[in-house]
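Engineer: Submitted below is the structure of interest, expressed as structure tokens.
The values are calculated or read from the model by the stated rules, or taken from the named source; none is laboratory data. Bear in mind the structure is a predicted one, so any value in this text is a computation, not a measurement. Glycine also receives a Cβ, built like all others from the backbone with ideal geometry; neighbour counts cover every protein chain displayed.
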Amino acid sequence: MSYGASLITHLWPLVLFLVLVIGLISLMLAGPYFLGSRRNARATGEPYECGIVPVGSAQYHVPIPFYLFAIFFVIFDLEAVFLFAWAVAVRETGWAGFIEALVFIVILLVALLYLWRLGALDWRTFRQKRDRASVLLR
Amino acid sequence: MSSITANILNVVGILVFVVASAAMLTWVERRMLGIWQERYGPNRVGPFGILQVAADMIKLLMKEDWVPPFADRFVFVVAPTIAMFVVVAAYAVIPMAPGIGVIDLNIGLLFFLAMTSLSAYSVMFGAYASDNKYALLGGLRAAAQMLSYEVFLGLSLMGVVMLAGTFNLREIVLAQQEQWFVIPQFLAMLLFFIAGIAESHRTPFDLPEAEHELTAGFHTEYSGMKFGMFFIGEYVSVLLTASMMVVLFFGGWLGPVLPPLVWFLLKTSILVLLMILIRGALPRPRYDQLMAFGWKVMLPLAMINLVVTGVLVLV
């Protein structure tokens, strides 16, 4: 049996499951289209802002910390993937592998500590930092 | 019974089980919260209010299929689809009992991690497509929170992988015959539990949809069944986190006397109830506290747990 054929015989329940899930979701999306009521009142097409008239655009500038955390995620999760590979082979690689992984983890922790000291994990604005000297988990 | 029939029964049965129990959980949660807060909760439709689920379903189906005229139509519809698809798809790798489970993947754990990571897209897409200020704020918060907690969600599980020596969830369960992994990996269990609650953004980590400041967060503009899909996705995610904890830390289907499936369901229900109790008992933290907790406490703890487990496995 070829590789492709063996893949199909092994994986078909998963494929069937995913197809069924997509089918169910399509039903849930299509159902209300036929069953639902249709109304068009004066404020139907307005964004919901707790009842007041919408002001300005919803496409505003995003605070910088969000970008920072996205980058930290990329860095740390990528490095976590290397640790996944070590974790599954920890017995095969033995102490030599452990020491290498330890060096890697220590570098990660030092990097985290550096970011911490740099204030990159701090969500407070400049004014909040100035006004409130001590905050929980600074 | 041939293996093909068994497989089809498994696939259909698990899909029905997941969706039906997620729908039932909406009632269980409201009812239990009610009881814990000394009120009744929904008790009008059917005996003990058990048909509330059916009533809600009919209501959601009859609602207008509304897409805001200012929204990006395609992405607006795709977002709840992703929210529901990824969590139900992740359930495919959960081994519920010997012979019961959609598929036995060698990379089962990685499949689970991959699927839960994808759910970050649903909140971002939903938020951006809505073109609503509350939705964007909630979506940004949700995305940053999910990304932060995902880093140690994966890392906390690696202790279990080290002890079992495999990513295959069925083999991980079988490796717990002598001792459940909750004993050597208690810290990892706590880390995973907290990360799991944060990933499904439930109280106390529900800042993305904190109603007193953001109305409904990233799904502010959603209504009808599209909202229902976010809602059911959240409950499937609760079920998924509980099932994953049972499989990884509490010995899966293993247990004396009772049949394996009963043990699995019993343990899962206890953990689900615990998650509901947490929602009933804890207040929300502030957003910067939540992020600081993730990066400054949980992530170092997960790494230290990894090192200690490595030493214990090798000694």
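Engineer: Checking the conditions here, which among B:A83, B:A92, B:A120, B:A127 is crowded, with 20+ Cβ neighbours inside 10 Å, within 13 Å of chain A (Cβ to nearest Cβ), more than 16 Å from the chain's Cα centre (by Cα) and in a helix (DSSP H, G or I)?
Structural biologist: That would be B:A127, the only listed residue that is crowded, with 20+ Cβ neighbours inside 10 Å, within 13 Å of chain A (Cβ to nearest Cβ), more than 16 Å from the chain's Cα centre (by Cα) and in a helix (DSSP H, G or I).
Conditions (1) over 20 Å from the mean Cα position of the chain (by Cα); (2) surrounded by fewer than 23 Cβ atoms within 10 Å (Cβ to Cβ), marked per residue:
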position	(1), (2)
B:Q176	yes, yes
B:F205	no, no
B:A216	no, yes
B:Y235	no, no
B:P259	yes, yes
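Engineer: Still on this structure, please answer the following. Would you tally the residues in the stretch B:97-115 being more than 12 Å from chain A (Cβ to nearest Cβ) and crowded, with 24+ Cβ neighbours inside 10 Å?
Structural biologist: The qualifying residues number 1.
Engineer: Any residue at all in the stretch B:22-42 that's within 13 Å of another protein chain (Cβ to nearest Cβ) and in a helix (DSSP H, G or I)?
Structural biologist: Scanning the stretch B:22-42, I find at least one residue that is within 13 Å of another protein chain (Cβ to nearest Cβ) and in a helix (DSSP H, G or I), so the answer is yes.
Engineer: Within the stretch A:1-51, how many residues turn out to be facing chain B (nearest Cβ under 9 Å), loosely packed, with under 10 Cβ neighbours inside 10 Å and not in a loop (DSSP other than H, G, I, E, B)?
Structural biologist: Final tally of qualifying residues: 1.
Engineer: Which pairs do you get when a residue that is within 20 Å of A:F72 (Cα to Cα) and in contact (Cβ under 8 Å) with a residue 24 or more places away in the chain, found in the stretch A:94-117, comes within reach of a residue that is in a helix (DSSP H, G or I) and among the acidic types (D, E), reach meaning Cβ atoms under 7 angstrom, with the pair 6+ apart or on two chains?
Structural biologist: Pairs found: A:L108/A:E79.
Engineer: Select, from B:S130, B:S122, the only residue that is at pLDDT 85 or above and closer than 30 Å to A:Q59 by Cα.
Structural biologist: Being at pLDDT 85 or above and closer than 30 Å to A:Q59 by Cα holds for just one of B:S130, B:S122, which is B:S122.
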